[in-house]
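Right, one structure below, let's go through it.
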Amino acid sequence: VYGPREKHKGRMASMVYQLYRQLRESGRARLFEASGGYAAGEQRRDFVSVRDAVGVNLFFAEGPARRGIFNVGTGRARSFNEIVRCLAARLSLGRGEIEYIPFPEGLREKYQNLTQADLSALRAAGYTREFTPLEDGIAYAVASWNSEQARDSARAT
């Protein structure tokens with residue numbers, strides 16, 4: 001889950017926000033090298049906007065009681081390289097530079113190279129709204145993060 005107001009989460013912020021910070025500060029994003037049959041930076045996650053996560057929660061809070069486990073995501077995995085390209089475009093950095101780094105000791109064998117939400121239970125529960133496309137979600141998040149950055153800079157002066 002990514003979106004506005006992640007700064008306080010530090011290392012626990014979404015990868016989208018962490019890559020935003022890296023690109024904004026240095027013009028370079030750091031991604032893991034190839035693993036598990038995936039090329040460098042092509043590992044995939046189902047990145048979902050916080051606005052969509054809130055929308056699902058409100059759907060369940062405002063509707064009839066339902067029981068179950070419901071995945072929240074877009075149902076579509078996207079690569080970290082795609083995230084960097086989207087962010088770089090929003091930050092007017094062209095393609096954005098990417099540095100592929102080795103996995104930390106002991107992580108490679110535990111790393112999930114692909115995560116993608118199965119939305120079948122959510123859809124069966126009646127949730128029909130479409131999820132925000134990654135490009136639109138990143139555009140919204142970057143605008144918010146840039147505004148937060150500008151406010152923080154104004155306060156510091």
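The values are calculated or read from the model by the stated rules, or taken from the named source; none is laboratory data. Just so it is clear, the structure is predicted and the values come from calculations on it, not from any experiment. When we count neighbours, we look across all protein chains shown, and the Cβ atoms used for this are built from the backbone with ideal geometry, even at glycine. The area values use the complete protein model at the heavy-atom level, side chains included, leaving out ligands, DNA and RNA. Shrake-Rupley method; radii C 1.70, N 1.55, O 1.52, S 1.80 Å.
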Helix 80-90 against the longest principal axis of the chain: what's the angle in degrees, Cα atoms only, rounded to the nearest 10? 70 degrees
Stokes-Einstein diffusion coefficient of segment 1-67, Kirkwood radius over Cα pairs, 10 °C, 1.306 mPa s, in µm²/s: 110 µm²/s
Please state the relative contact order of the chain as a whole percent: Cα pairs under 8 Å, 6+ residues apart? 32 percent
What trypsin sites (Lys or Arg not before Pro) in segment 60-112 are in a loop by DSSP, with at most 11 other Cβ atoms within 10 Å of the Cβ? R67, R95, K110
Ratio Rg/Rh [Cα only; Rh per Kirkwood] for the chain: 1.00
Would you mind computing Rg(Cα) / (2.2 N^0.38 Å) for segment 81-157, counting N as its residues? 1.57
Suppose all protein chains stay in the model; what accessible area per residue would a 1.4 Å probe give for the chain, in Å²? 60 Å²
Got a number for carbon plus sulfur as a percent of the chain's accessible area, 1.4 Å probe? 50 percent
As I understand it, the value is the acute angle between the Cα axis of helix 15-26 and the longest principal axis of the Cα atoms of the chain; what does it come to in degrees, rounded to 10? 20 degrees
Using the Kirkwood radius over Cα pairs of segment 67-126, the Stokes-Einstein translational diffusion coefficient at 25 °C and 0.890 mPa s, in µm²/s and rounded to a whole number, is 168 µm²/s
State the extension gain, in nm to one decimal, for the chain segment bounded by A89 and F60, taking 0.36 nm per residue of separation less the distance between their alpha-carbons. 6.9 nm
Once amide H atoms are placed 1.01 Å from N in the peptide plane, what residues at a sequence separation of 5 or more from T132, or on another chain, have their amide H within under 5 Å of its amide H? S49
